[in-house]
Amino acid sequence: MSTPKIEMRNVKKSFGSKTVLDGIDLSVNKGESMVIIGGSGTGKSVTLKCVLGLMQADSGSIKIDGVETKDLDTKDHDALMSKFGMLFQGGALFDSMKVWENISFGLVQGKKMARDEAHDIAIEKLKQVGLAAQTGDMFPAELSGGMQKRVSLARAIATSPEIIFFDEPTTGLDPIMADVINDLIKNCVTDLGATALTITHDMCSARKIADKVAMLYDGKIIWDGPVADLYDSGNSYVEQFIHGRAEGPITKHAAFKA
Amino acid sequence: MPKTIHQNPQHIVSMVQSICQGIGKSIFSFLQSIGVLTMFIGKATVQCFIPTFYPKLILKQFIDIGYYSLPVVGMTALFTGMVLALQSYTGFTRFNAESAVAGVVALSVTRELAPVLAGLMVAGRVGASIAAEIGTMRVTEQIDALVTLSVNPYKYLIAPRVIAGTLMLPILVLIGDIIGIYGGYLVSIYNLGFSSGNYIAQTWDILERMDVLSGLLKAAAFGFIVSMMGCYHGFNSGRGAQGVGTATTYAVVSASILILVSNYILTQVFFS
């Protein structure tokens, strides 16, 4: 069996007395699209940030390509980061830079590519996400929310990363734009042959882009399996969540406690 | 009430315990903040000396911190020099020591007033702006985005600002020295009836290299403090608009206090 691209074992993270992750176990294989679902405040973003190294887990193991990510020196950490692409929930575009500079930022600053060459790639990526080349000379503040998401996606894929992370990719978008973004994500991940880890509570999005789904609840992965089995999971928590029922084992109190 | 406490010694014990816990918690939190700040300063300072550098970003900060602060520092220095000449003249006439006005203006401006007031003005203008800008980047995940794009935020965001702050404040203060002394000169010549030649000669005679140099060294320290406090509080900003607002306030207040404290320490080092 091949080494998982991402492997989390018994990962724990607390903030003061509040335990957010209580022993997460998760494996994502190469080329697989894993979607983590769960209610607000259940630790989805913390899970993602721990894998990305933006946050240090209190204990447990996180491996990328079989290599433990904790205690990496700066050089190895930079090498690891060059494998990653990330679509942030709010876009996180640099508002002082033009759109093309945002997209090519990782190429110019991270990979030391010449600006002219990076510009050409940025325009190509813009087209790939369905935006005109002229958009490249605009500033992020001049774009709509949907366009900003597309630009952010273009930036995430510009360096041809091996692993792409998506943090609530459809939040704040209308249903049609959300579907457009889902299609783009699916196409981009397939074209690059990348591994994808997405966190969302949008079930349409999960159904569309996932190969596998894991549900996070109370700091633990309580169910994971192929997306085809999601609606036949036999897990009362999963069923309540995916159908959006107010009644069930997930209470408001439990959701906030997590 | 004393009767109740007397009757319930457990209540006293728990009260003392909770006070001790509160004090311990505050001390621990204070020490933790000092540790975090020290680590931040260490990381940021190291990145100021290790390649890769970002010359365009440093140049941009030179302009933002230096050039755009020039009017406010210049105006402060001008009016401070003018007031100083007026006040010292008023005081010195009581002792028939009016001739000391030129020297007092020159020494006060170069040694103390120009560096301290420029530091405080820049703390208000630049420290707040740095904290707000970096704080907003933190809140909108732009700093996290830098990390995921393999760019060290200490090198890309902090180092250019600290380099520019440390190098530009001495230049601002040097200009402030000239403007401040000129302000004193204007009042002394056109208001107090001093002779222009005598005033310039007295200023020139009394000023020593160390007077100006100590002010410039202080300015470099103040520039470092202002930029570092702005970056630190912005970088560790809390969530939302309130978090950024608080970071901005802390940046200005902490920089101002540190400027005043370090001014005393540096004065002691240079002149004791």
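The values are calculated or read from the model by the stated rules, or taken from the named source; none is laboratory data. Keep in mind it's a predicted model, so treat the numbers as computed, not measured. Positions of Cβ are backbone-derived with ideal geometry, glycine not excepted, and every protein chain shown enters the neighbour counts.
Taking the stretch B:137-215 as the region of interest, the helices (runs of 4 or more DSSP H) fully inside it that hold 1 or more residues being of a type in the set (S, T, N, Q), under 23 Å from the mean Cα position of the chain (by Cα) and in the same structural domain as B:GLN242 (by TED's automatic domain parsing) are B:159-190.
Restricting attention to the stretch A:62-74, the residues that are touching a Ser or Thr at 6+ places or on another chain (Cβ under 9 Å) and either buried (at least 16 other Cβ atoms within 10 Å of the Cβ) or farther than 24 Å from A:SER17 by Cβ (or both) add up to 6. Could you list, in sequence order, the residues of the stretch B:13-58 that are among the charged types (D, E, K, R), without any contact (Cβ under 8 Å) to a residue 24 or more places away in the chain and surrounded by 10 or more Cβ atoms within 10 Å (Cβ to Cβ)? Across the stretch B:13-58, the qualifying residue is only B:LYS25.
Here A:LEU230 fulfils each of the conditions (1) surrounded by 17 or more Cβ atoms within 10 Å (Cβ to Cβ); (2) assigned to a helix (DSSP H, G or I); (3) touching a residue at least 40 places away in the same chain (Cβ under 8 Å); (4) hydrophobic (A, V, I, L, M, F, W, C) apart from (3). Taken over the stretch B:144-168, the criterion of being hydrophobic (A, V, I, L, M, F, W, C) and either without any contact (Cβ under 8 Å) to a residue 60 or more places away in the chain or facing chain A (nearest Cβ under 9 Å) (or both) is satisfied by B:ALA145, B:LEU146, B:VAL147, B:LEU149, B:VAL151. Going by the conditions given, is B:SER188 among the hydroxyl-bearing types (Ser, Thr, Tyr), crowded, with 18+ Cβ neighbours inside 10 Å and either more than 14 Å from chain A (Cβ to nearest Cβ) or closer than 21 Å to B:ILE225 by Cα (or both)? Criteria met by B:SER188.
Tell me yes or no: at least one residue of the stretch B:55-72 is touching a Ser or Thr at 6+ places or on another chain (Cβ under 9 Å) and among the hydroxyl-bearing types (Ser, Thr, Tyr). Write out each step before concluding.
Quick first cut of the stretch B:55-72, residues touching a Ser or Thr at 6+ places or on another chain (Cβ under 9 Å) only: B:61, B:64-65.
From what's left, among the hydroxyl-bearing types (Ser, Thr, Tyr): none.
Within the stretch B:55-72, not a single residue is touching a Ser or Thr at 6+ places or on another chain (Cβ under 9 Å) and among the hydroxyl-bearing types (Ser, Thr, Tyr).
Listed conditions (1) within 14 Å of chain B (Cβ to nearest Cβ); (2) touching a strand residue (DSSP E or B) at 6+ places or on another chain (Cβ under 9 Å) are all met by A:THR195, apart from (1). Do we find a residue being within 18 Å of B:LEU84 (Cβ to Cβ) and of a type outside the set (Lys, Arg) anywhere in the stretch B:218-238? Within the stretch B:218-238 (the criterion being within 18 Å of B:LEU84 (Cβ to Cβ) and of a type outside the set (Lys, Arg)), the answer is no, since none of the residues qualifies. Those strands (runs of 3 or more DSSP E) of the stretch A:135-226 in which at least 2 residues are hydroxyl-bearing (Ser, Thr, Tyr), considering only elements entirely within it, cover A:195-200. With respect to being among the basic types (Lys, Arg), surrounded by 15 or more Cβ atoms within 10 Å (Cβ to Cβ) and within 14 Å of another protein chain (Cβ to nearest Cβ), A:LYS83 fits the description.
Number of residues in the stretch A:24-78 that are outside any strand (DSSP E or B) and either over 12 Å from A:PHE165 (Cβ atoms) or away from chain B (no Cβ under 14 Å) (or both) equals 29.
For (1) over 24 Å from A:LEU153 (Cα atoms); (2) in contact with a Ser or Thr (Cβ under 9 Å, 6 or more places away or on another chain); (3) crowded, with 20+ Cβ neighbours inside 10 Å, each residue gets a yes or a no:
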position	(1), (2), (3)
A:ILE181	no, yes, yes
A:CYS188	no, no, yes
A:ILE199	no, yes, yes
A:ALA206	no, yes, yes
A:ILE209	no, yes, yes
A:LYS220	yes, no, no
A:GLY225	yes, yes, no
